[in-house]
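Engineer: This is the structure I want to talk about, given as structure tokens.
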Amino acid sequence: AAVMVFFAYIGFDAVCTVAEEVKEPRWILPYGILLSLLICSVIYVAVASAMTLMVPAHELDDTAPVAAAFDGQPHGHIIKIVVSGGATIGLTAGVIVSIMAQARIWFALARDGLVLEWFGRVHPTFQTPFNATCVTVFAACFMGGLVPFGVLADMISCGTLTALTLVCVALLVLRYGGPTGQLSFIIGYVVLATTAMYVPTPVNFVLGGGAASVGAGLMFIPDQSKNDGEDVFRVPFGPVLPCCGIAFNMYLMSFLASSWTWIGCWLLVGLASYFGYGMWNSRCQPEGQALRP
């Protein structure tokens, strides 16, 4: 159930892709994401509570539960039309936001030289990444028209969980990845926490306790990130919070085993693109230290 609910939270990270269009993004973006998550979570819980008070949960229609909850209610047919219309508008808005976010990701990658420069071309009139937007729309329509919704939803959830896991790992590497010994603590925690999910009890508890011990030890690792005195947002409770994020994300991914093959294929495509093109054309290398094939 948590994996299915997680699908409703996809899109909040899209706010990060418009960081260059926001004033003071170092403060506004983190708190904007957190507040929007809090507000939407309260709304989700309130709607779900109202629905289950109206109709038992096992009697709700999985395809359109909110509209089905008003069956047999006074003026229910009118409310169903309003609810269905609102759901259509909400889904359309969600798709547009996802397309906008993906297009700007292509734009940023092209600007850094990690993908073809063609993706980073800006429309002369609208001043938007036109080519990247067209490719994203075509890919979304192609996948949405041919792939069953259930499979597509699992793929999106698994892919997003994979991306968020890599974000947690990147945070640990950037902040605590100085000496090799400290990074080994992080890798050890991830291995222990992941293994603990799949090994039957009582070994499960032993490995889980070991992972918790390593996680507690991470609290004493000094922060290796540069602190130049700037007043910026910093992820709190590090490194415990990102380690917990990695463990929970991997746990949720264990319920989406059917999508691992597709995610693995996409990762291979991404790695091939990076090592075949991006690594040799990246503009992120310091001047004078460019990679050579």
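The values are calculated or read from the model by the stated rules, or taken from the named source; none is laboratory data. What you see is a predicted model; the values in this text were computed from it and never measured. We place every Cβ from the backbone using ideal geometry, glycine too, and count neighbours over all the protein chains shown. The protein model used for the area step is the full one, side chains on, heavy atoms only, and it has no ligands, DNA or RNA in it. Shrake-Rupley method; radii C 1.70, N 1.55, O 1.52, S 1.80 Å.
Engineer: Which of the residues belonging to the stretch 114-128 are closer than 24 Å to Thr160 by Cα and either among the hydroxyl-bearing types (Ser, Thr, Tyr) or touching a Ser or Thr at 6+ places or on another chain (Cβ under 9 Å) (or both)?
Structural biologist: Leu114, Val115
Engineer: Confirm whether Phe275 is modelled with pLDDT of 70 or more and open to solvent by 40 Å² or more (accessible area, probe 1.4 Å).
Structural biologist: Yes.
Engineer: Please go through the stretch 116-133 and give me each residue that is under 19 Å from Val97 (Cβ atoms) and either open to solvent by 100 Å² or more (accessible area, probe 1.4 Å) or touching a Cys at 6+ places or on another chain (Cβ under 9 Å) (or both), ordered by number.
Structural biologist: Hits for the stretch 116-133 are Phe126, Gln127.
Engineer: Now a separate question. What pairs can you find where one residue is in the stretch 239-260 and under 14 Å from Val173 (Cα atoms), the other is among the polar types (S, T, N, Q) and part of a helix (DSSP H, G or I), and their Cβ atoms are less than 8 Å apart, with a gap of 6+ or different chains?
Structural biologist: What qualifies is Ile246/Thr165.
Engineer: OK, next. Residues in the stretch 4-18: is at least one open to solvent by less than 40 Å² (accessible area, probe 1.4 Å), modelled with pLDDT of 85 or more and β-branched (Val, Ile, Thr)?
Structural biologist: Within the stretch 4-18, none of the residues are open to solvent by less than 40 Å² (accessible area, probe 1.4 Å), modelled with pLDDT of 85 or more and β-branched (Val, Ile, Thr).
Engineer: Phe107 fails exactly one of the following numbered conditions: (1) in a loop (DSSP other than H, G, I, E, B); (2) open to solvent by less than 70 Å² (accessible area, probe 1.4 Å). What is the number of that condition?
Structural biologist: (1)
Engineer: Then there's this: Among (1) at pLDDT 75 or above; (2) part of a helix (DSSP H, G or I); (3) over 28 Å from Ile10 (Cβ atoms), there is one condition Leu152 misses while meeting the rest; what is its number?
Structural biologist: Among (1) at pLDDT 75 or above; (2) part of a helix (DSSP H, G or I); (3) over 28 Å from Ile10 (Cβ atoms), the lone unmet condition for Leu152 is (3).
Engineer: So, in the stretch 147-175, exactly how many residues are within 17 Å of Trp266 (Cβ to Cβ) and open to solvent by 40 Å² or more (accessible area, probe 1.4 Å)?
Structural biologist: 7
Engineer: Looking at the stretch 114-137, which of the residues that are out of contact with any helix residue (DSSP H, G or I) (no Cβ under 8 Å at 6 or more places or on another chain) and of a type in the set (S, T, N, Q) is modelled with the lowest pLDDT?
Structural biologist: It comes out as Gln127.
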